[in-house]
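Remarks on the structure that follows.
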Amino acid sequence: MIVDKANKNNAVSNNDELVEKINRLKKEKNAIILGHYYQRDEIQEISDFIGDSLALAQKAAETDADIIVSCGVNFMAETAKILSPSKKVIVPDMNAGCSLADSCDPVEFKKFIDANPGHVVISYANTSAEVKALTDVIVTSSNAAKIVESFPKDQPIIFGPDRNLGSYINNLTGRNMKLWNGACMVHEKFSVDKLIGLKQQYPNAKVLAHPECKKALLVLADKIGSTKALLDYAVNSEDQEFIVVTESGILYEMRKACPEKTFIPAPPDDSTCACNECAYMRLNTLEKLYACLRDETPEVKISDELCKKAVVSINRMLEISRNLGLIK
Ligand code: 13P
Ligand code: SF4
């Protein structure tokens, strides 16, 4: 026990030291740290801005920092670079990919588009820069349904790559968008049986679910939305207990915002773990964050030509979102 305590104290003082060094470097280099809600607690704590994919993209487009440190996964860092090509965008770990983005190969996606002429192409932000360049409008989970609805009802639409989000929007809007068959391996893994068990154990709890989950889970949810939408719902609700069906990193902000409320993470199917983590998001650590700021590497690089093509669909998303009053 004494050894455990000593180790814990060492870890705390190591973290304190790293936090100090990161903050010093950040100031010296005029850098901004943008963190997603699925990041480790300590990364969320040191970030200058925490948000969902839409808010992070907006922040990256607006910042006057010289260096953007993107603490999330690669598609978020790429979006930042595409929106701010003259800035240096660095990441703590270049291996932080995304299973959903990986489920949409640009060459195959192009064939899918070519096989369906006359369709508007709407893609979720969780895609590579190459897929964004093939897309008419990018969406995130916080604006997807509204952006789809901004098109005439009879407009044929291709939606990629998330089949769960796509079919959720089809149900919600009465559309029949053609869906790419991709999915997020984290959200696909949540267990319906375990969620039903938790609902019985906590009969007063509201279920909050991300639209990347399968339909069998979404039908059990009281609120479906982006990470930010789920957080806002928990903050504004009169209810006291919530079962959270998305990556468990979001619980940090939920508990911080509502310390008096109870948040229960929904578990995955295949393990004894109580919560479900995105292995890619968790690759980023304080040590790697410090090293990347110090050495200004690994840096996200995208050719000017690809940036110019991909920015069109992202800017279209920001413009429609502004017109719909979804962002300022
Ligand atoms: P949000 O846009 O809701 O933050 O979601 C991003 C994501 O990767 C969910 O898995
Ligand atoms: Fe990608 Fe899924 Fe991780 Fe989100 S949770 S970053 S969609 S792998």
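The values are calculated or read from the model by the stated rules, or taken from the named source; none is laboratory data. As the structure is a prediction and not an experimental result, all values here were calculated from the model. Virtual Cβ from ideal backbone geometry, glycine too; neighbours counted across all protein chains shown. Quick note on the areas: whole protein, heavy atoms, side chains included, nothing else; ligands and nucleic acids left out. Shrake-Rupley method; radii C 1.70, N 1.55, O 1.52, S 1.80 Å.
Orientation-averaged projection of region 210-326 equals 11.2 nm² [convex hull of Cα atoms, one quarter of hull surface area]. Looking at region 106-154, the trypsin sites (Lys or Arg not before Pro) that sit in a DSSP loop and have at most 13 other Cβ atoms within 10 Å of their own Cβ are K153. Which helices pass in the chain if a helix is a full DSSP H run, must span at least 27 angstrom along its long axis by Cα, and must have mean Kyte-Doolittle hydropathy not below -1.0? For the chain, where a helix must reach 27 Å along its axis and average at least -1.0, the hits are 304-323. Net charge near S321, counting Lys/Arg +1 and Asp/Glu -1 over other residues with Cβ under 15 Å of its Cβ? Surrounding charge for S321 is +1.
Per residue, the chain exposes an accessible area of 45 Å² to a 1.4 Å probe, with every protein chain left in place. The radius of gyration of the Cα set in the chain, together with its Dmax, comes out at 20.0, 69 angstrom.
With a threshold of 21 Å on the Cα-Cα distance, the over-threshold entries among K110/K301; K29/K59; K178/K309; K27/K228; K146/K178; K228/K261 are K110/K301; K178/K309; K27/K228. Other residues whose C-beta falls under 15 angstrom from the C-beta of E238 contribute a net charge of -2, scoring Lys and Arg +1 and Asp and Glu -1.
When +1 charges are put on Lys and Arg Cβ atoms and -1 charges on Asp and Glu Cβ atoms, the dipole computed for region 199-239 relative to its Cα centre reaches about 200 debye. In vacuum, with every alpha carbon of region 1-136 counted as one equal point scatterer, what does the Debye formula give for log10 I(q)/I(0) at q = 0.14, 0.16 Å⁻¹? Two decimals, please. Per q value, in the given order, log10 I(q)/I(0) is -0.72, -0.86. With a cut-off of 13 Å between beta carbons, the residues surrounding N170 carry a summed charge of +3, where Lys and Arg count +1 and Asp and Glu -1.
Within the accessible area of region 169-328, the carbon and sulfur atoms contribute 50%, probe 1.4 Å, all protein chains present. Region 77-152 and region 270-328 have their alpha-carbon centroids 11 Å apart.
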